[in-house]
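Beneath this line is the structure, given in structure tokens, with notes to follow.
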Amino acid sequence: MLTYPRRATVVAFLASLCVVTACTAPKAPQLGADDTVKAAQLLLTDRCLNRQGFTPPRPGQRPPSAEEQSRVSDAMFGAGRAELSLTLPGGPEVRQHTDGCLAQAQQRLYGDQERWFRASTTVNNLKSRAPAGERTAYRELRAHAVRTARTILQSAHGKGTNR
């Protein structure tokens, strides 16, 4: 039968491919910049919520009680009066907390949560009409976040944990 020689050829090919691609050493998956930052932010917020005794919300989970949802939301997004505020041309005001797990993740990823809030809010809402300085800050902070996110994810992957 020809099955055995074909199988031997396939095994030999795959073995040589592993040597060439170093597939014996596990690597973190390669993600695009947006997905890298999102994955690291999710990892950081999950860790933060876990430290506070909360289970991070996931689609398909049985929803917790309204009281528990409120506590998780406060832990995730911050509570009380929002500390950051920016009024956009035309009048809309955008606010964000500096406490909470999301704020901690943004501070870690971008290095300056307040500057990221200002730049990202301006650029995301005004697009090409955003002032050049804000567009530059956005690009710089985003590049910083991608580098930091890769380091965080590689470290988590190397430890074999995502928590």
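The values are calculated or read from the model by the stated rules, or taken from the named source; none is laboratory data. Because the structure is a prediction, the values reported are computed rather than measured. Positions of Cβ are backbone-derived with ideal geometry, glycine not excepted, and every protein chain shown enters the neighbour counts. What goes into the accessible areas is simple: the full protein's heavy atoms, side chains included, and nothing from ligands, DNA or RNA. Shrake-Rupley method; radii C 1.70, N 1.55, O 1.52, S 1.80 Å.
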task = For GLU83, state whether it is touching a strand residue (DSSP E or B) at 6+ places or on another chain (Cβ under 6 Å), open to solvent by 20 Å² or more (accessible area, probe 1.4 Å) and not β-branched (Val, Ile, Thr).
result = no
message = Under 8 Å between Cβ atoms, which residue pairs at least 6 apart in sequence (or on different chains) link something in region 121-132 that is within 14 Å of THR87 (Cβ to Cβ) and part of a helix (DSSP H, G or I) with a partner that is of a type in the set (A, V, I, L, M) and open to solvent by 30 Å² or more (accessible area, probe 1.4 Å)?
response = THR121/LEU86; THR121/VAL94; THR122/LEU86; ASN125/VAL94
task = Return yes or no: is GLU83 more than 27 Å from THR151 (Cα to Cα) and of a type in the set (Asp, Glu)?
result = yes
inquiry  = I need the full set of residues from region 109-145 which are surrounded by fewer than 17 Cβ atoms within 10 Å (Cβ to Cβ) and within 28 Å of LEU49 (Cβ to Cβ), in order please.
reply    = GLY111, ASP112, GLU114, ARG115, ASN124, ALA143, HIS144
remark   = Screening ARG71, ARG95, ARG147, ARG118 for residues that are under 20 Å from ALA33 (Cα atoms) and either in a helix (DSSP H, G or I) or in contact with a strand residue (DSSP E or B) (Cβ under 6 Å, 6 or more places away or on another chain) (or both) leaves only ARG147
message = Please verify whether ARG150 is open to solvent by less than 80 Å² (accessible area, probe 1.4 Å), basic (Lys, Arg) and within 15 Å of the chain's Cα centre (by Cα), treating the condition exactly as stated.
response = no
query = Can you name the residue in region 61-88 that is within 23 Å of ALA156 (Cβ to Cβ) and without any contact (Cβ under 8 Å) to a residue 24 or more places away in the chain and, of all such residues, is nearest to the chain's Cα centre (by Cα)?
reply = VAL72
note = Scanning region 40-60 residue by residue, those touching a residue at least 24 places away in the same chain (Cβ under 8 Å) and surrounded by 14 or more Cβ atoms within 10 Å (Cβ to Cβ) turn out to be ALA40, GLN41, LEU43, LEU44, THR45, ASP46, ARG47, CYS48, LEU49
